[in-house]
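In what follows, a structure is listed as structure tokens, so that the remarks can point back to it.
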2 protein chains.
Amino acid sequence: MPAKAVVLLSGGLDSATTLAIARSEGYECYALSFEYGQRHGRELGSARRVAAALGATKHLVLRLELRAIGGSALTDDIAVPKGRSAAAMAAGVPITYVPARNTIFLSHALAWAEVLGAADLFIGVNVLDASGYPDCRQEFIAAFERLATLATKAGVEGRSRFRVHAPLIALSKAEIIRLGAALAVDYGLTWTCYEPQADTRACGLCDACLLRKKGFAEAGLTDPIAYAA
Amino acid sequence: MPAKAVVLLSGGLDSATTLAIARSEGYECYALSFEYGQRHGRELGSARRVAAALGATKHLVLRLELRAIGGSALTDDIAVPKGRSAAAMAAGVPITYVPARNTIFLSHALAWAEVLGAADLFIGVNVLDASGYPDCRQEFIAAFERLATLATKAGVEGRSRFRVHAPLIALSKAEIIRLGAALAVDYGLTWTCYEPQADTRACGLCDACLLRKKGFAEAGLTDPIAYAA
């Protein structure tokens, strides 16, 4: 029987590639997404299509009330920055950071993994092109992995430890795209833009769009989605 | 200006005492509760009354979809054990354990603290009378505290560390009750029972009731709430 894994799936390029990697390693994958009041609600439709296309055994979408907590351009009525240079992106934590988001996401993944009897969690975080989010760094992943075993029955009953896989963490966006393409990920199903246009095209100017476009250009591949700019 | 703290508040005896302690230490307290499909929904009414009585600056109740994850007698249709001996309670993790619950709760507390500019989180966990929950142990609290700073802007920008206060962790239930009584906590406002009766009395037989009754008896104080048994 294949080992089960819980894979965090946003509907974006990185998490789709991560799901493809987990599947290629033989895991039976349980994809987990969140409806948290994000402005870019299109993501969830993409997550459903990606989960189906990549053969997830189950896809669970949980609602979270992160809007009630606030503190981010992704959940509040704060303008998403446009057209920023790589240097501007690299300077500090951007306002699209959602406080403690990956901790909250991984906590739910841990709960589901414990119920499923899965010891493996996958998350598509990435330090190189990650726009300076604190909860995308290796130290954070290692600290969560340590916490996970202590937080659950595994820590009391001395059963196997949890592992948190972050297979993209040290890759550039171009390397991620090449890897996904080799695993036959259909990037036309994925969604990246923080601020989609009314006509459903990606804006092409937010940090997420800029990083994605740069990644496809550097990978020498064509991005199948349409951009407004 | 007093320092702000986020205090997890279930409406039970332990978290009410914890809020009273945080207030007595001078913190401006932001109380956080969750509606997670728990069977004992009376807790939330108690949490509101306790937050008001103890002078919380704000009380936020967030919905979580833990029922969709399952795995616990507190969220699923699994019978809550009744009339267990202390020895039976001490043997292993009980089915009232909710997978990764305290990790999920603390993650949200961390998010809110980051938005509020608070560096202090309070949680009323307790190892002695805690029914064997893995996420009530000191190792877990220490691991979360370490994670918290890495997970947030504090970890990137080198600002002050988060502290997770668990002031009850090494106290007996009787010691907690004596401490709360000294801080004028009205335990008549709190709710403990896992399975309240139709007439609103506590069942008196679930692990939580048994531990509470034993605590009041050992403290030599009268429990102001009514029990069916």
Within region B:30-42, restricting attention to residues that are in contact with a strand residue (DSSP E or B) (Cβ under 6 Å, 6 or more places away or on another chain) and without any contact (Cβ under 8 Å) to a residue 40 or more places away in the chain, which residue is surrounded by the fewest Cβ atoms within 10 Å (Cβ to Cβ)? B:GLU35
Of the residues A:THR75, A:THR57, only one is of a type in the set (Val, Ile, Thr) and either over 19 Å from B:ALA109 (Cβ atoms) or surrounded by fewer than 18 Cβ atoms within 10 Å (Cβ to Cβ) (or both); which? A:THR57
Criterion violated by B:PRO99 - all others in (1) surrounded by fewer than 24 Cβ atoms within 10 Å (Cβ to Cβ); (2) free of Cβ contacts under 8 Å to residues at least 40 places away in the same chain satisfied: (1)
Return only the number of the condition from (1) surrounded by fewer than 20 Cβ atoms within 10 Å (Cβ to Cβ); (2) under 17 Å from the mean Cα position of the chain (by Cα); (3) within 14 Å of chain A (Cβ to nearest Cβ) that B:PHE140 does not satisfy. (1)
Quick test of your reading of the structure: B:LEU110 fulfils all but one of (1) in a helix (DSSP H, G or I); (2) more than 20 Å from A:ARG101 (Cα to Cα); (3) among the aliphatic types (A, V, I, L, M). Name the failing condition by number. (2)
Against the conditions (1) in a helix (DSSP H, G or I); (2) buried (at least 20 other Cβ atoms within 10 Å of the Cβ); (3) at pLDDT 95 or above, where does A:ALA181 fall short? Just the number, please. (2)
Over region A:76-96, the set of residues touching a residue at least 40 places away in the same chain (Cβ under 8 Å) and within 12 Å of another protein chain (Cβ to nearest Cβ) is A:ALA90, A:ALA91, A:GLY92, A:VAL93, A:PRO94
Do you know which residues across region B:191-226 are surrounded by 15 or more Cβ atoms within 10 Å (Cβ to Cβ), modelled with pLDDT of 95 or more and outside any helix (DSSP H, G or I)? B:LEU221, B:ASP223
If you check A:ARG84 against the conditions, is it closer than 22 Å to B:GLY155 by Cα and out of contact with any strand residue (DSSP E or B) (no Cβ under 8 Å at 6 or more places or on another chain)? no
When (1) farther than 12 Å from A:ASP14 by Cα; (2) under 13 Å from the mean Cα position of the chain (by Cα); (3) crowded, with 21+ Cβ neighbours inside 10 Å are applied to A:SER107, the one that fails is (2)
Of the candidates B:LEU210, B:LEU205, B:LEU168, the one satisfying the condition of being away from chain A (no Cβ under 14 Å) and within 26 Å of B:ALA113 (Cα to Cα) is B:LEU168
Restricting to region B:187-208, name every residue that is among the charged types (D, E, K, R) and within 16 Å of the chain's Cα centre (by Cα). B:ASP207
Listed by first then second residue, the pairs whose first member lies in region B:176-194 and is without any contact (Cβ under 8 Å) to a residue 40 or more places away in the chain, whose partner is surrounded by fewer than 21 Cβ atoms within 10 Å (Cβ to Cβ), with beta carbons under 6 Å and at least 6 positions apart or on separate chains, are B:GLY188/B:PRO224
Return yes when B:GLY45 is surrounded by fewer than 16 Cβ atoms within 10 Å (Cβ to Cβ), more than 12 Å from chain A (Cβ to nearest Cβ) and not in a loop (DSSP other than H, G, I, E, B) and no when it is not. yes
Restrict the check to region A:151-158 and report whether at least one residue is touching a Lys or Arg at 6+ places or on another chain (Cβ under 6 Å), among the hydroxyl-bearing types (Ser, Thr, Tyr), within 14 Å of chain B (Cβ to nearest Cβ) and under 26 Å from A:MET1 (Cα atoms). no
Taking A:ALA52, is it under 26 Å from A:LEU221 (Cα atoms), assigned to a helix (DSSP H, G or I) and at pLDDT below 90? no
What do you reckon, is A:ALA113 more than 14 Å from every other protein chain (Cβ to nearest Cβ), small (Gly, Ala, Ser) and out of contact with any Ser or Thr (no Cβ under 7 Å at 6 or more places or on another chain)? no
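The values are calculated or read from the model by the stated rules, or taken from the named source; none is laboratory data. Owing to the predicted nature of the structure, the values given are computational and were not obtained by experimental measurement. Because the Cβ atoms are built from the backbone with ideal geometry, glycine has one as well, and the counts that use them run over all protein chains shown.
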